[in-house]
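Visitor: Dumping the structure here so I can ask a few things about it.
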């Protein structure tokens, strides 16, 4: 089997439509005023459509999380070197594969429950691309801490949406997966500290990579602590997953910075339209 499998070679059938990270980030719809509003808030006219789109994003994200954890098990030789993975880390990634496979199945059925279908929305592949780093520590920070951390926020948001709709199926499934995600992030936090205990520069590089991924997924105010943010930061669950108070506050700042940048770009686009 091939090691370091590129994103272009991921197995998908004809139902899936893939878009690049660049297409997602520079999609003008992500800079529109509606993108900075909470589309799942009670009373929003198209909240059900927004929730279905978010659920589809969760579904394809879980597929990529499964692929990423599996690649980490396979891509690295066993050992304690910089380009190797300890047996315990591989064991944790194998356990995570089981969890992600279950999440794929649950999310697929939740999509049916919500009236959606596979391929209704496009798949962007940043999660898997973060799992392609040649350094296993950067994979841990990019995937287990940044993107699985985002999953904590998303599942908590969807669980709250299930409560607002009085939908026990949605609430139970999201609550179940949320518990798994806390474990996945905690594994990433623990292994990051263990593998970089004697290498502060490697730890800094890994955390810088995590911040870059976090900022990408905070684009346009997508995640934050304001009522307008579509996805809300789950402080309590992040704390359970090994994030310090300082790290959580830093993430709040990253989200606020991303929101401010989106507002500036909105204003620039509006001026360009008016001048035209």
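Visitor: At 0.36 nm per residue, minus the direct Cα-Cα distance, what do residue 211 and residue 41 gain on full extension? Give it in nm, one decimal, please.
Guide: On the way: separation 170, 0.36 × 170 = 61.20 nm, distance 2.77 nm.
Length gained between residue 211 and residue 41: 58.4 nm.
Visitor: First obtain the Kirkwood hydrodynamic radius of region 165-274 from its Cα pairs, then insert it into the Stokes-Einstein equation at 25 °C and 0.890 mPa s, and state the resulting D in µm² per second as a whole number.
Guide: Values: Rh = 16.1 Å.
Here the translational diffusion coefficient equals 153 µm²/s.
Visitor: Next up: From largest to smallest, what semi-axes in whole angstrom does region 113-185 give when each is the square root of 5 times an eigenvalue of its alpha carbon gyration tensor?
Guide: So the three semi-axes of region 113-185 are 27, 16, 8 Å.
Visitor: Only helical DSSP H runs with n ≥ 4 go in: add -39500 (n - 2.57) per run for the chain, normalise by residue count and round the 222 nm mean residue ellipticity to 500 deg cm²/dmol. Before the final figure, lay out the partial values.
Guide: Values: 10 runs with 170 residues, N = 276.
It lands at -20500 deg cm²/dmol.
Visitor: So, one more: Using a Gaussian network for the chain with springs between C-alpha atoms less than 10 Å apart, which of these wobbles most: 204, 215, 109?
Guide: 204
Visitor: Taking a virtual spin label 7 Å from the Cα of residue 80 along the C-beta vector, which residues in region 189-206 bring their backbone nitrogen under 19 Å of it?
Guide: 190-203
Visitor: Same structure again: Please give the length that would be gained between residue 239 and residue 164 if that part of the chain were fully extended, namely 0.36 nm times their separation in residues minus their C-alpha to C-alpha distance (nm, one decimal).
Guide: Taking residue 239 through residue 164 to full extension adds about 24.5 nm, to one decimal.
Visitor: Follow-up. Taking the convex hull of the alpha carbon atoms in region 65-198, what volume per residue do you get, in Å³?
Guide: Measuring per residue, one finds 96 Å³ for the Cα hull of region 65-198.
Visitor: How much of the calculated P(r) for region 39-275 lies past 25 Å, in percent of all Cα pairs?
Guide: Percent of Cα pairs beyond 25 Å in region 39-275: 42.
No lab work stands behind these numbers, since they all come straight from the coordinates. As the structure is a computational prediction, the values presented were derived from the model and not from experiment. We place every Cβ from the backbone using ideal geometry, glycine too, and count neighbours over all the protein chains shown.
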